[in-house]
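One structure is given here, and the rest of the page talks about it.
The values are calculated or read from the model by the stated rules, or taken from the named source; none is laboratory data. All figures in this text were calculated on a predicted structure; none of them were measured in a lab. All Cβ positions, even for glycine, are placed from backbone atoms using ideal geometry, and neighbour counts span all protein chains on display. The accessibility values were calculated without ligands, DNA or RNA, using every heavy atom of the protein model including side chains. Shrake-Rupley method; radii C 1.70, N 1.55, O 1.52, S 1.80 Å.
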Amino acid sequence: LILRRVIDRYAIIVSSGTGSGKTECFLVPVLDDLVRQLVGGQPLVGVQALFLYPLNALINSQRDRLRAWTAAFNGKIRFALYNGDMPDEVPISSQKAHPEEILSRKTLRSSPPPILVTNATMLEYMLVRQQDHPIVASSQGMLRWIILDEAHTYIGSHAAEMSLLLRRVLHAFGAAASDVRFIATSATIGGADDQAGEKLKNYL
């Protein structure tokens, strides 16, 4: 039922306890969407899904899960963990060992994957740095998913800054808000009796 709602709605909040499967609630529909686009032997190129995490540790924690879900497609559905730790280049042998993951900025810029896992700071850099322009240019009109993890952290000025950043992202990627599914996840947005959930709905 949750998966059907994620696919059908353009803004949804997934709130559940830690380790209860929140990531799968958006990852499965995103992967389903990408798999349906596969035609022939060519990998998908261009960012269609932005996964935004507030901490590098949370970004890195997604590697094993994403490798497990995408490895079977032999590089046709790829992802990148774009944070400050990503090197400019890696040995060819390292990249060939994991065709499902973009391991270097050089490859990210020359052939952006459909899934980009990053944070607000790197996203900001991507919009303004000339060397990152190819990522945006290759993804024009393709953005379909924006996921905000740890949504309870977006409060006050931080929430306002994120809203403005995402408006810039939509503009830069040539995407209309009505064509993008926004998903927020959190294990700690409060219970049904308080206003946290309603405020988050209004924010989305």
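Modelled spin labels at Leu58 and His98, positioned 7 Å past Cα toward Cβ, are 2.1 nm from each other. Along each principal axis, taking the top coordinate minus the bottom one, the Cα set of the range 17-109 gives 40, 33, 20 Å in descending order. Scanning residues 5 or more positions from Val14 or on other chains, those with amide H under 5 Å from its amide H are Ala184, Thr185, Ser186, with H placed 1.01 Å from N in the peptide plane. In order along the range 60-65, the Karplus-derived 3J(HN,Hα) couplings, from 6.51 cos²θ - 1.76 cosθ + 1.60 at θ = phi - 60°, round to 5, 5, 8, 4, 4, 5 Hz, and Gly and Pro are given as x. Using θ = phi - 60° in the Karplus curve 6.51 cos²θ - 1.76 cosθ + 1.60, the 3J(HN,Hα) couplings for the range 71-80 round to 4, 5, 8, 6, x, 6, 10, 10, 9, 9 Hz; x is entered for Gly and Pro.
Taking every protein chain into account, the accessible area of the range 62-123 amounts to 43 square angstrom per residue (probe 1.4 Å).
Whole-Hz Karplus values for the range 25-34 come out as 5, 9, 5, 4, x, 4, 5, 4, 4, 5 Hz, taken residue by residue from phi with 6.51 cos²θ - 1.76 cosθ + 1.60 and θ = phi - 60°; glycine and proline positions read x. Near Glu101, the amide H atoms lying under 5 Å from its own belong to Phe79; only residues 5 or more places off or on other chains count, and H is placed 1.01 Å from N.
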